[in-house]
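**Student:** So that we are looking at the same thing, I have put the structure below in structure tokens.
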Amino acid sequence: MTRISGRYLAKRIVVSYLTLLVIMSLLFVLLRSMPGSFITSMINPQMTREQIERIRETWGLNEPLWRQYVQFMINYQTGDFGRSPTYSTAVSELMLRRLPRTLILFGSTFIVGYIVGPLVGMYLGWWRGSNKDKSIFSSSLLMYSMPSFWIAWLFIWLFNYHLGWLPSSYMFTQFPEFEWTAFTVMRDVLYHLALPLLSVSFIGWVGAMLIMRPSMNNVTEEGYVFLARAKGLSERTVMLKHAARNALIPVATGAIVGLAFIIDGAVVIENVFSWPGMGQLIVNAVLSRDFPVAQAAFFVIAALIVVMRLFTDVVYTYLDPRIKFGEGE
Amino acid sequence: MATERSDDRSTLEAARKRWEPRFERLRSGWSRFTEHRMGVVGLFIFVVYVLWALFPGVFAPHSTQWVAYLGEPPFDARLSAEQIETLPHPPAFGDPFFAPLGTNSDGQGVLTLLIYSAYNAMYIGLAAGLLSTLVGVPLGLISGFYGDTWIDETIQRFVDIMYGLPFLPFLIVLVAIRGMSTTNIIIGIAVTSWLNNCIVIRGETLSLKERSYVESAKVAGASDTRIIFRHIMPNVLPLSFVYLAQDAAGAILAQASLAYLGLADFTSLSWGIMLRNIQNSGYVFQAWWWLIPPGLALMLLAAAFYFIGFSMEDVTNPQQ
Amino acid sequence: MSDNQTDSGRRRFMKGTGVAAVSLGLAGCSGGGDEGTETTSEGTTSEGTETTESTPTEAGSAEDIEEGGIFNFGMGQPPNNINPIASSSAYSGVITDRIYESGAAIDPVNFEMHPNVFTDWTSEEMDETGDDDQPNVRLLFNVRTDGLTWNDGTEFTAEQVVWSYNYLLEQMPGAYVASLNAIDEVSMSDESDWDCEMILNSPVGTFAFDQFGIPILPKHKWEGVSDFSTYQPYENDGPVGLGPGVVTQYQPDTSIEVSFAEREGEYNLASLPWREEVNGIIAGGPFIDAMRISVYSSESALTQAFLEGEIDSLYDNIRTSSIDEVENTDGVELVDGFDTGYSHVSFNLRRTPLDDLPFRQVLGFAFDDVYWVQQLQRGYAQKGDFVMPPGYTAVRPETSNNAELLTAPATNAFDFRQGDSPGAVDVDGVRSFLTEGQMITGEGGTYAGFDYPGSLTGVTASQTEPKHEYTFGPVESSVLRQSDADPDQEIRVDGETITSINDGPLTMFVDPPQDSPQMAKMTENWVSMLQQIGIPVEQQVLSFNTALTRVYSEENFDMFEMGWVNLSPFATNTLYGLFHSDNADDHSVAEGDDEENNTSTSLNNPMGYGLFEDATADDLISTARTSLDTEARNAAAREAVEKIYLDFPTMVTMYNVVKWPVNSAEWDGFLGDIPGPGSTYLGVQMLQVHQAGSGSE
């Protein structure tokens, strides 16, 4: 039951690829319009002009900009991300080290948010207008309005500083004394994850709720819900089985869009919790003008977003029988 | 486009005729809005902040020049070492000085700073919200109206591209290029936050243009511009106000995040900067009176925008 | 010369001298204070009055010290990499300094050079001359091969030292380029008494600090590495060096372990006889099994971790806001130390009216030192005067006539000229200083209401007459009209406003407040004072990288603030690097696309001091550099330092007072009252820290 034509898919893939190329070009220009360069941090005042030239040569800064650009685009096509001048290591290595950490932190908050959010949204949407809806909805908006680092500070203050229950930094015990088994490592990560997870999820779930609530509300007026009710099914069954299933479709899209915002959260939250992931990496790279790292970090995120958006289209068609892509093309 | 009419009275009449239903709509909208307690609360907070922003001197206990122990300038002494040691000072009500929310480590009153900072937050929220609406709405309208043509395609691909750029890191790059002034931060936020408006308005326009009155306007030979701005735009305006409110809230929080990362204009008075300063000086876990108020103020303003926005959504899109 | 030669310097701690040092100077803006420290070059350290653990625990014997334990250390920045020659970051140094050793070592108490990997050395001037007509110098030295092996157990030979130097000469890594540039060749010596010889292309009085301060790399690891910057020591079973430690865990973003217990082979550099003779140094270490380094992403997290006992100490110092808390916590103490550099505001001498001495001096009069030191720094700083920190007494002008360090009237020539009410500037006094054509040249007198006794060393300022005529007239510049300071008059330089001379007001570059929050506040205050006087000044916030480019490579600025750390205690290198015309761009060569004459080089003297006849200390600096006699060198350095003070190309705003927090309940043996106890000389601490209750009581 493929509802997507091969041609349509192919077209979407090509467009997505081109989008990525344009994003990369844009970034190349933007990053280089920032004043300063990583080279400043490598030049020693006692260096002669020749020595500075040599360093510039090594990092390819003497080439005309267009040639640097062409080289950069070609390298990326072949998966060569270059070397980082500040970390003096291959950029790809750096990415492989950092990306999983961000994925663990934000993957788990993502899961929590997208379980709690739609559930609450379902409930509120179904009972829209009730007093419960009003009070829960407005308090969740209050949560949504909190600066993430501020609420994180409050949690650290409470659970770490005051109660001493949870650690406020890192993903692992730095120098573990316990035996290194799958179980102990899991437990250790969860222990360290607790506080950041709590802080991010505290705000994060609202996003999903905000999509689910109106969507749920819309389907209450649909014929099949009416029909299900008429059949004498319990309110609960109708809500869960018939209404919620259909109301979830926009949430799925929202989830993908939400992915794009993960990195925003990461930038701040990773800093608060000394969680050395992509968010910290990208900010430091921009601030220290480490172009190879900044480019690669932006690229990885952009690629993730573009691919996920492509993927949403596919998910969409499977979830919603009314949407058909590729017809009439 | 509007044809000239010589008769003043008929102009007035026509105007009244034209605007009457709109006023009516507004009035009924307002009464529906006031049914939402959330919206009213939001509006109340908003008004309080507007007053703070416009007349900080009336509400604040001191001027921003005020220093604990010394009072208002010109000072007749310097702070003694013992006095400096007590800073940041917890809330004090007259003894040794009056500072209901305590002071920061420089001896400035937290409440005073809080009130004087409302202007900055208001400015950033409204300006960024307005800017992203001004960019997003017209593009969304055009894109939707010319749905499935090359114009739509171009705009949508552009949106795709912008979507691929992560908001905060991209903002950091923009701020790095253009410098850390409040104006640049507003522009940076607007550049990255119009996308949602554009997409939503486009969807709305797509469905609106199928409506019969748009069809009839087309048949009557109205130009595209006229149809877009005269017939479709008024119908998407309420929705765009909803998004303006949300963008404003988003902008305020984004500025706070930038401030946390040390990328906001620190010479201005803002809540984000107050939080940044508490971190700079290292009193995050020592001075709750300095930590909690700016965060609450930020939260309440952002929430006020959300409250107003979501209540308006209900008004414009009545479900029950 | 023998083992205990003193008349040489070592440039090792200037290795971050470029940007890394600047950035560190900014990062460390708060400190703690002990004002009573006096250190003389003769090697006596009189103790400070406060808290701690300061200096010498006489039981410097290692026998009764119980070995073992793991010392946990925290840093606020990741080390990025542990390649000793590719990294100029001080955070990398925390690790690499435990791994690599160099020919000679400096002791932080007397600032004397001592044998390390090289057992002894001698120098002689040669007949040949180099490119610059200066005589070449031959250095002969012996290498310690007994009792010392590489940390992987490999045998260590003198040939490897020659190889190491030649490898570096071929690669020219930026961090050591200044020292390497002076070396012509290194080879095995023909003379029977000596293992190796090094030819320098000019006399360098401080060769033991400079050329012998370069780390020695293992041939068996580095041979075949064609590009040093891409080499990853940890991935190649390293890093391998002659030092006491080995890296046993390396997660650069979070945690690193340097083990001393697991080092292979032999290490005897911590037991050399000279260590027992230096007051406070305990020979025979390291006594701990390992040093574990945790990286935290924020200062709050780092401080928090220390207070909770997660770490035993942290890099550099504790922030001011936590000093009280540390003092009130049981089991932790603050080790006192002093600055290895200074914070400053510097002026571009190429611009009018910054080219004129009285005008620059007025900028100093408007800087409210009391507000800066007492309020913003909360007393945990010392008011700045000379370009040498107070710990380096031998090269401070006070030493010339036994004047009181930091407080002698001659060190306060540019104090804040306070007006009627506290914290307000004496507008009239300062204005008449300018209009009457006064300037402080080194002669005693009363200037803008303050007495000045005359210079300490007898030097006078380069400039003898004011260059411009100053008058005051109606306020015209918009920056002054819109200013909250609301001046009643504006300055005219030769009849013109500064805004019309420079197409705008003078601009002061400020760092974003997260780098130096206090300086941001201070600049606001200072700008307001200057505006009250009627001088159009505005501030501009620039991120660190932008400011570096504008200042150091384009020299396109009016005034900027930054800081230096890890300056050489021997002064000559610092003075030459920061204040000699050789290190200033005279804008005679045009490079790049823009028409302005400028070079791509990034020189450490962006002020352009020394380029002009009426603002230079070149002669004194050169005398100090080429002088081989210690006392003559120091005397010339002191004169140069005071001349720079009077010429005022740079306003030294303060020296940090370091408070280095340590867990004293569990650990003992910390060395206090030295410069940078938790940063520059962390290595010394790690060699002698031991479990509390053993040894030293």
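The values are calculated or read from the model by the stated rules, or taken from the named source; none is laboratory data. Everything numeric here is computed off the predicted structure, so don't read it as measured data. Virtual Cβ from ideal backbone geometry, glycine too; neighbours counted across all protein chains shown. Note: areas computed on protein heavy atoms with side chains; ligands, DNA, RNA excluded. Shrake-Rupley method; radii C 1.70, N 1.55, O 1.52, S 1.80 Å.
**Student:** Let me know the charge dipole size of the protein assembly as shown about its Cα centre in debye, to the nearest 20, where only the beta-carbon of Lys, Arg (+1) and Asp, Glu (-1) is charged.
**Tutor:** Working: 78 positive and 161 negative charges, 2274 e Å.
Computed charge dipole of the protein assembly as shown: roughly 10920 debye.
**Student:** Give the calculated FRET efficiency between A:Ser234 and A:Ile13 to the nearest 0.05, with a Förster radius of 35 Å applied to their Cβ-Cβ distance. Write out the running numbers ahead of the final one.
**Tutor:** On the way: r = 45 Å, r/R0 = 1.29.
The formula returns an efficiency of 0.20 here.
**Student:** To continue, here is another question. Return the lysines within reach of A:Lys11: Cα separation strictly under 26 angstrom, same-chain partners fewer than 8 residues apart disregarded; answer none if there are no such residues.
**Tutor:** Straight-distance partners of A:Lys11: A:Lys324.
**Student:** Something else now. Report the far tail of the P(r) of the protein assembly as shown, meaning the percent of Cα-Cα pairs longer than 46 Å. Walk me through the numbers on the way to the answer.
**Tutor:** Values: 388808 of 905185 pairs.
In whole percent, the long-distance tail amounts to 43.
**Student:** Sorted by average packing, counted as other Cβ atoms within 10 angstrom per residue and highest first, what order do A:271-281, A:14-24 take? Walk me through the intermediate numbers first.
**Tutor:** Values: A:271-281: 26.2, A:14-24: 16.9.
Packing proxy ranking, top to bottom: A:271-281, A:14-24.
**Student:** How large is the dipole of segment A:99-279 about the Cα centre if only Lys and Arg carry +1 and Asp and Glu carry -1, each at its Cβ, rounded to the nearest 20 debye? Mind dumping the intermediate values first?
**Tutor:** Working: 11 positive and 9 negative charges, 155 e Å.
Approximately 740 debye in magnitude.
**Student:** What net charge do the residues around A:Ile136 carry, taking every other residue with its C-beta under 14 Å from that of A:Ile136, with Lys and Arg at +1 and Asp and Glu at -1? It would help to have the intermediate numbers written out before the result.
**Tutor:** Working: positive: A:Arg128, A:Lys132, A:Lys134, A:Arg213, B:Arg37; negative: A:Asp133.
Here the count lands on +4.
**Student:** Helix-only estimate, please: 222 nm mean residue ellipticity of the protein assembly as shown, summing -39500 (n - 2.57) across DSSP H runs of length 4 or more and dividing by its residues, to the nearest 500.
**Tutor:** Working: 43 runs with 597 residues, N = 1346.
Result for the protein assembly as shown: -14500 deg cm²/dmol, rounded to the nearest 500.
**Student:** Specify which residue in the list A:Ala244, A:Tyr144, A:Tyr69 is farthest towards the positive end of the charge dipole of chain A, using unit charges on the beta carbon of Lys, Arg (+1) and Asp, Glu (-1), about the Cα centre.
**Tutor:** Of the listed residues, the answer is A:Ala244.
**Student:** Give me the inter-chain shielding for C:166-175: mean count of other chain Cβ atoms within 10 Å, whole number please.
**Tutor:** Per residue, the average neighbour count from other chains is 2.
**Student:** By how many degrees, between 0 and 90 and to the nearest 10, does the Cα long axis of helix B:288-316 differ from the longest principal axis of chain B?
**Tutor:** 10 degrees
**Student:** Based on the mean of other beta carbon atoms within 10 Å per residue, what is the order of C:609-615, B:70-76, most packed first? Don't skip to the end; give the middle numbers.
**Tutor:** On the way: C:609-615: 19.4, B:70-76: 13.7.
Per-residue mean Cβ counts within 10 Å order the peptides as C:609-615, B:70-76.
**Student:** Another one. Average partner chain C-beta neighbours within 10 Å, per residue of C:293-303?
**Tutor:** Details: counts 2, 5, 5, 5, 11, 8, 4, 11, 10, 2, 3.
Taking the mean over all residues of the peptide, I get 6.
**Student:** Here is a further query. Which is farthest toward the positive dipole end of the protein assembly as shown among C:Ile183, C:Phe557, A:Leu30, measuring Cα position about the Cα centre, with Cβ charges +1 (Lys, Arg) and -1 (Asp, Glu)?
**Tutor:** With unit charges placed on the Cβ atoms, the residue in question is A:Leu30.
**Student:** Could I ask something else about it? Sticking with the crude label model, points 7 Å out along Cα→Cβ, report the distance from B:Leu26 to C:Asp330 in nm, one decimal please.
**Tutor:** 7.1 nm
**Student:** Taking the alpha-carbon set of segment C:413-561, what are its Rg and Dmax in Å?
**Tutor:** Taking only Cα atoms of segment C:413-561, I get Rg and Dmax of 16.7, 45 Å.
**Student:** Compute the separation of the alpha-carbon centres of segment A:131-150 and segment B:133-181 and state it in Å as a whole number.
**Tutor:** 29 Å
**Student:** Also, I was wondering about something else. Can you give the mean number of other chain Cβ atoms that lie within 10 Å of the Cβ atoms in peptide B:153-160? It would help to have the intermediate numbers written out before the result.
**Tutor:** Details: counts 1, 0, 0, 1, 4, 2, 0, 10.
Partner-chain Cβ atoms within 10 Å, mean over residues of B:153-160: 2.
**Student:** Taking Cα pairs under 8 Å and at least six residues apart, what relative contact order does chain C come out at, in percent?
**Tutor:** 22 percent
**Student:** List the GluC sites (Glu not before Pro) within segment A:150-253 that DSSP assigns to loop and that have no more than 12 neighbouring Cβ atoms inside 10 Å. It would help to have the intermediate numbers written out before the result.
**Tutor:** Working: sites: A:Glu177, A:Glu179, A:Glu221, A:Glu222, A:Glu235; in loops: A:Glu177, A:Glu179, A:Glu221, A:Glu222.
Of the GluC sites (Glu not before Pro), the ones in loops of segment A:150-253 whose Cβ has at most 12 other Cβ atoms within 10 Å are A:Glu177, A:Glu179, A:Glu221.
**Student:** When you have a sec, figure out the Kirkwood radius of segment C:342-656 from all distinct Cα pair distances and drop it here in Å to one decimal?
**Tutor:** Details: mean 1/r = 0.0507 Å⁻¹.
For segment C:342-656, the Kirkwood estimate is 19.7 Å.
**Student:** If you wrap a convex hull around the C-alpha atoms of segment A:99-279 and split its volume per residue, what is the figure in Å³? Numbers along the way, then the final one.
**Tutor:** Values: hull volume 25.0 nm³, N = 181.
Measuring per residue, one finds 138 Å³ for the Cα hull of segment A:99-279.
**Student:** Sticking with this one: If I take R0 = 56 Å and measure r between the Cβ atoms of B:Ile292 and C:Ser192 in this structure, what FRET efficiency does the formula 1/(1 + (r/R0)^6) give, to the nearest 0.05? Don't skip to the end; give the middle numbers.
**Tutor:** Values: r = 77 Å, r/R0 = 1.38.
The computed FRET efficiency comes out at 0.15.
**Student:** Ok, one more. For helix A:91-126, what angle does its Cα long axis make with the longest principal axis of chain A, in degrees from 0 to 90 and rounded to 10?
**Tutor:** Between helix and principal axis, roughly 20 degrees.
**Student:** Another question, if that's okay. Need one number: nm distance between label points at C:Asp486 and B:Thr149, each 7 Å from Cα along Cα→Cβ, rounded to one decimal.
**Tutor:** For the pair C:Asp486/B:Thr149, the computed spacing is 6.1 nm.
**Student:** With the full set of protein chains in place, find how many percent of the accessible area of the protein assembly as shown is carbon and sulfur; take the probe as 1.4 Å.
**Tutor:** 54 percent
**Student:** Shifting gears a bit: If one takes the longest principal axis of the Cα atoms in chain B, at what angle in degrees, from 0 to 90 and to the nearest 10, does the Cα axis of helix B:167-178 lie?
**Tutor:** Once rounded, one gets 80 degrees.
**Student:** Work out the FRET efficiency for A:Ile111 and A:Phe183 from their Cβ-Cβ distance, taking R0 = 22 Å, and round it to the nearest 0.05.
**Tutor:** 0.60
**Student:** Given Cβ point charges of +1 (Lys, Arg) and -1 (Asp, Glu) and nothing else, what value in debye, to the nearest 20, does the dipole of segment C:342-656 about its Cα centre take? Don't skip to the end; give the middle numbers.
**Tutor:** Numbers: 17 positive and 49 negative charges, 214 e Å.
Once rounded to the nearest 20, the dipole reads 1040 debye.
**Student:** Follow-up question, since we're still on this one. Rank by packing, highest mean first: peptides A:138-151, C:150-163, with packing defined as the count of other Cβ atoms within 10 Å averaged across residues. Can you show the working numbers first?
**Tutor:** Working: A:138-151: 21.1, C:150-163: 18.6.
Highest mean packing first, the order is A:138-151, C:150-163.
**Student:** Further question: Roughly speaking, what is the centre-to-centre gap between segment B:48-125 and segment C:660-678 when only Cα atoms are used, to the nearest Å?
**Tutor:** 39 Å
**Student:** Turning to a different aspect of this structure: Between exposed GluC sites (Glu not before Pro) in chain B, where DSSP calls loop and at most 13 other Cβ atoms lie within 10 Å, what's the longest gap? If you can, show how the numbers build up before the last one.
**Tutor:** On the way: sites that count: B:Glu4, B:Glu210.
Free of exposed loop sites, the longest segment is B:5-209.
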